[in-house]
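Below is one structure, written out as structure tokens; the observations come after it.
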Amino acid sequence: MSTGTDTTPPVTAATDHRLSELDVLESEAIHIIREVVAEFERPVLLFSGGKDSVVVLHLAAKAFWPGTIPFSLLHVDTGHNFPEVLEFRDKTVARHGVRLTVAKVEDYVQDGRLAERADGTRNPLQTLPLLDAIAAGRHDAVFGGARRDEDKARAKERILSLRDEFGQWDPRNQRPELWNLYNGRHVVGQHVRAFPISNWTELNVWRYIERENIELPPLYYAHEREVYRRDNMWRAVSPVSPARADETVELRTVRYRTVGDMSCTGAVDSSATSVAAVVREVGVSTITERGATRADDRISEAAMEDRKKEGYF
């Protein structure tokens, strides 16, 4: 007989076993990585040394610990990458004991398969070396660190995204992904791009980096650098991105939110020298990192989607 007294014990920190937001995102990402490895024969991870690919590599290490990461890494080097990032890339690869294949845009420019663009940026030139490397490695699944909050084209792409025999993406022909069920079916010649952190935001990424104590290239934190103003962004002075005669070079304290091609990646004014400070900074930002710092995404309103249709990341 009920006495009218509620005997349910109160929920406390010790008895509350609900997952945090980061735990849910981590669990989903690890599930995706394991599913792809189980379903495909020759997966590979696109690894540039940037924060998103570093996080995906960290998740892969956790997914298969205490074993080793069961796939290799691939980087398309434009020849215009930041030296600090390349140094960090090689150090990270050595620490994890994985194999890295580097496809170089410079090789394609030198032998005439690609021609330099008038604007000097090589980011759009990465597509052909990428597709050739995928074909040469016979990779049927390619992990990437793309996130939906970065760009509207990435926002509408599935977590498992089918690419046709030419490596191209058709945004009008995408598969449903209901109840975390991922369809990896493909025929010979096709491959699938897999995005384990697609549902993460930039803030989620930085909070996870803080929680997991993940090392990143120093460019992500505030430092002094010679820069000049172009396209409403601070561009670094370098051999591949010199200042024009009408542009004033300044020494400023900046950091990078993304670390792509030096010729099209801008820095932002910042005093954030630690992960905690970056988390606070990102928490009040009102523009995505690509919108704030990537000139190649400003070529047209559909710049990212056009590149993805051709086979870009």
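Bear in mind that the values in this text are calculations on the coordinates, not laboratory data. Since the model is a prediction, treat every value here as computed from it, not as a measurement. Using ideal geometry, Cβ is built from the backbone for each residue, glycine included, and neighbour counts are taken over all protein chains shown.
When Lys and Arg each count +1 and Asp and Glu each count -1, what net charge do the other residues less than 15 Å away from Ala38, Cβ to Cβ, add up to?
-1
Taking the alpha-carbon centroid of each part, what is the distance from the range 166-221 to the range 31-91 in angstrom?
About 12 Å separates the Cα centre of the range 166-221 from the one of the range 31-91.
What is the set of long-range amide H partners of Val192 at a cut-off below 5 Å, with H atoms built 1.01 Å from backbone N?
When sequence neighbours closer than 5 places are left aside, the close amide H contacts are Ala141, Val142, Arg163.
Using mean Cβ contacts within 10 Å as the protection proxy, how do 134-143, 73-82 order, highest first?
73-82, 134-143
Tell me what the chain gives for mean residue ellipticity at 222 nm when only DSSP H runs of n ≥ 4 count, each as -39,500 (n - 2.57), the sum divided by the residue total, rounded to 500 deg cm²/dmol.
Values: 10 runs with 100 residues, N = 313.
Per the formula, -9500 deg cm²/dmol.
Percent relative contact order of the chain, based on C-alpha pairs within less than 8 angstrom and at least six residues apart?
On the way: 505 pairs, mean separation 60.8, N = 313.
Relative contact order comes out at 19 percent.
Tell me, in nm to one decimal, what length is gained between Ile30 and Leu181 on full extension, where the rule is 0.36 nm per residue of separation less the Cα-Cα distance?
Contour length minus Cα-Cα distance gives 53.0 nm.
How far is helix 83-96 tilted, in degrees, relative to the longest principal axis of the Cα atoms in the chain, given as a value from 0 to 90 rounded to the nearest 10?
40
Fully extended, how many nm does the chain gain between Glu250 and Leu19 (0.36 nm per residue separation, minus their Cα-Cα distance)? Present the calculation step by step, with values, prior to reporting the outcome.
Working: separation 231, 0.36 × 231 = 83.16 nm, distance 4.65 nm.
The Glu250-Leu19 span can extend by a further 78.5 nm.
So how strong a dipole does the range 217-299 carry about its Cα centre when Lys and Arg Cβ are +1 and Asp and Glu Cβ are -1, to the nearest 20 debye? Don't skip to the answer; put the middle values down first.
Details: 12 positive and 12 negative charges, 27 e Å.
Around 120 debye, computed over the range 217-299.
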